[in-house]
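Peer 1: Okay, handing you the structure first.
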Amino acid sequence: SGEVEFLRTLANSAHGSQFVEFWLWGNNFAGSRVPTEIGQMDNLQGIDMSANFLSGPIPTEIGNLQALLVLYLEQNQLSGQI
């Protein structure tokens, strides 16, 4: 199982910090993990990655997102705390 590679690439790009919302529900990324680089997207206020069958730990780096107001991760096989 890998990570949602385009998220890693986006977070590492010069434009990654410009995103305010990220709505990716219902895409069936079965077996993929949430990349830790998502914590670098400083301006994110909303993330919806529900119903994607993601697995593995919730990256603790999500806790670094100071502007985050909404986080949906249900209907995945994620573990851990934020």
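Peer 1: Under 14 Å from a label point 7 Å along Cα→Cβ of Ser17: give me every residue in the range 25-53 with its amide N that close.
Peer 2: 39-44
Peer 1: Label Phe6 and Trp25 with points 7 Å out from Cα along Cα→Cβ: what is the distance between them in nm?
Peer 2: Here the answer is 1.9 nm between the modelled labels.
Peer 1: Percent of accessible area on the chain owned by carbon and sulfur, 1.4 Å probe?
Peer 2: Values: 2280 of 4650 Å².
After summing per-atom areas, the C and S share lands at 49 percent.
Peer 1: Tell me which residues come under 5 Å, amide H to amide H, from Tyr72 once H is placed; ignore anything under 5 positions away on its chain.
Peer 2: Long-range HN contacts for Tyr72: Ile47, Asp48, Met49.
Peer 1: Search the structure for amide H atoms under 5 Å from the amide H of Gly56, placed 1.01 Å from N in the peptide plane, and list their residues when 5 or more places away or on another chain.
Peer 2: Amide H neighbours of Gly56: Ser79.
Peer 1: Which residue, chosen from Thr36, Leu24, Gln77, occupies the Cα position most advanced towards the positive end of the dipole of the chain, where the dipole is computed from +1 (Lys, Arg) and -1 (Asp, Glu) charges on Cβ about the Cα centre?
Peer 2: Positive-most Cα among the choices belongs to Gln77.
Peer 1: Which value in Å is the Kirkwood Rh of the chain over different Cα pairs? Numbers along the way, then the final one.
Peer 2: Values: mean 1/r = 0.0805 Å⁻¹.
So the Kirkwood estimate lands at 12.4 Å.
Peer 1: Within the chain, which chymotrypsin sites (Phe, Trp or Tyr not before Pro) sit in a loop by DSSP and count at most 15 neighbouring Cβ atoms inside 10 Å? Don't skip to the answer; put the middle values down first.
Peer 2: On the way: sites: Phe6, Phe19, Phe22, Trp23, Trp25, Phe29, Phe53, Tyr72; in loops: Phe19, Trp25, Phe29, Phe53.
Qualifying residues, ordered by number: Trp25, Phe53.
The values are calculated or read from the model by the stated rules, or taken from the named source; none is laboratory data. Please read all numbers here as calculations on a predicted model, not as lab measurements. Ideal geometry is used to build each Cβ from the backbone, glycine not excepted, and the neighbour counts take in all protein chains shown. The protein model used for the area step is the full one, side chains on, heavy atoms only, and it has no ligands, DNA or RNA in it. Shrake-Rupley method; radii C 1.70, N 1.55, O 1.52, S 1.80 Å.
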